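To keep things clear, I will list the structure first and then write my remarks on it.
The values are calculated or read from the model by the stated rules, or taken from the named source; none is laboratory data. If you're wondering where the values come from, they're calculated on a predicted model, not measured in any experiment. So basically every Cβ, Gly included, is an ideal-geometry build from the backbone, and we count neighbours across all protein chains shown.
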Amino acid sequence: MLRRKLLIVFGSLVVLLVALAATAIWVLQGALSDLRRVNTQAVAVADEVNRLNDGLTAVEVDLYQIQLGRQRHLDGLIDDVEAAHNLIDLIGKHYVVHLPQSEGAFKAVRDLYPGFEQRVSSLATAQDENLSRQYAVAALADAMTLRQGVRQIDRNAREHARQEQENLASRFRWLVFGIAIGCLLVINISIVVLLRAAGMVLRPVDKLVEVSRQLTSEHFEKRAELQDADEFHELAEAYNQLAERIQSSEQRRMEMLGQVALTLNHELNNSIAIIELQLQLLGRQTDGGDRFESCLRNIKENLHRMAETVESLKHIRRIVLTDYISGVKMLDLQRSVQAEALDEPPPTGNVGGGNVGDVGEKAPTTGQA
């Protein structure tokens, strides 16, 4: 049925649009999540590397002080070393430092740091000032090596973040381009589907309107022919049945009118024949003048007119009424027998009952009595 077809068409469009919207949201959400993750990782690694650099700087300052013999309290140095160790553990939790380009530098820092811690711890137990300076120099060298490794980790992390941001930006551009193409395709598909759905409605409507115009023009033989088995087909069938009934009714009216015309023709012809015979006898029995002959001619002419009128009733092809007096109509005999005027619109107010009927065939005629 037409309603089911339309529901399928519009339901498919809605499903397609919802699927496109859901896919676009899911893809864009994934791209934005990746971008946020990269930014978060980059900011976290940069912040922790900066703090580690600051911690190593503080350690180097303390070691310089010890090397110059200006400081013997190691509590602050030990705290800075412990804080740097914790920062290295935090940095190791990020995936960035485990990438191939960063893993070597981070592994070198992580492997070097236990020895560095050991040398700093040895400063606390060294009693000899010269030995303490030697430990401080070695620890200072390790601190500088650690700083270089941390700088390498920082550069690698920043470079990786930049590359990932560029990749995500390129991916985001392609996603936007793909979504735009998908939207254009869906719009074009929607237009085609909507045009097809409109055709499913407009084509049968146009046929029904055209056949209705034919019915209004009194072409009762026209029928609406629709192929699809839907609501419009049912409407066309109902229309065809109505047109057939109207045509049958009009044919019955014309047949009845033809039968009435035959009856009148039979009766009036007999009466006219008798009247003419009596007039002939009257003319022979009387020796009338010109006036009498004129009266006889008028009578004969009117009788001939009556015979022609009754004869024309047998040849009526349609029923056309005209105004006789106000509120009363009479048969327009001249127009009713004109077969070539079937397609002409009847004059306003001159059609009996508002309809002019076509007769499929000429009413049957019989011989005059």
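Listed values, structure above:
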read-out	value
Verdict on Ser312 being more than 57 Å from the chain's Cα centre (by Cα), assigned to a helix (DSSP H, G or I) and without any contact (Cβ under 8 Å) to a residue 60 or more places away in the chain	yes
Residue tally, condition under 34 Å from the mean Cα position of the chain (by Cα) and among the basic types (Lys, Arg), over region 205-263	3
Enumeration of residues in region 270-286 that are assigned to a helix (DSSP H, G or I) and at pLDDT below 80	Glu276, Gln278, Leu279, Gln280, Leu281, Leu282, Gly283, Arg284, Gln285
In region 27-46, the residues that are surrounded by 13 or more Cβ atoms within 10 Å (Cβ to Cβ) and of a type outside the set (Gly, Ala, Ser)	Val27, Leu28, Asp34, Leu35, Arg37, Val38, Asn39, Gln41, Val45
Unmet criterion (only one of (1) free of Cβ contacts under 8 Å to residues at least 12 places away in the same chain; (2) assigned to a helix (DSSP H, G or I)) for Gln227	(2)
Test: Arg51 is under 17 Å from Ala169 (Cβ atoms), out of contact with any strand residue (DSSP E or B) (no Cβ under 7 Å at 6 or more places or on another chain), of a type in the set (Lys, Arg) and in a helix (DSSP H, G or I)	no
Residues of region 83-106 classified as within 14 Å of Asp47 (Cβ to Cβ) and assigned to a loop (DSSP other than H, G, I, E, B), total	2
Residues of region 168-226 classified as in contact with a strand residue (DSSP E or B) (Cβ under 8 Å, 6 or more places away or on another chain) and either surrounded by fewer than 14 Cβ atoms within 10 Å (Cβ to Cβ) or within 26 Å of Leu16 (Cα to Cα) (or both), total	1
Criterion violated by Lys5 - all others in (1) in contact (Cβ under 8 Å) with a residue 60 or more places away in the chain; (2) more than 30 Å from His233 (Cβ to Cβ) satisfied	(2)
Candidates Leu279, Leu321, Leu313, Leu303, filtered to the one that is out of contact with any Pro (no Cβ under 6 Å at 6 or more places or on another chain) and over 26 Å from Leu257 (Cα atoms)	Leu279
Residue within region 254-266 that is surrounded by 15 or more Cβ atoms within 10 Å (Cβ to Cβ), in a loop (DSSP other than H, G, I, E, B), among the hydrophobic types (A, V, I, L, M, F, W, C) and out of contact with any Gly (no Cβ under 9 Å at 6 or more places or on another chain) present	no
Residue list for region 214-249, restricted to those being closer than 22 Å to Ile319 by Cα, among the acidic types (Asp, Glu) and modelled with pLDDT of 80 or more	Glu244
Region 16-57, residues that are in contact (Cβ under 8 Å) with a residue 60 or more places away in the chain and acidic (Asp, Glu)	Asp34
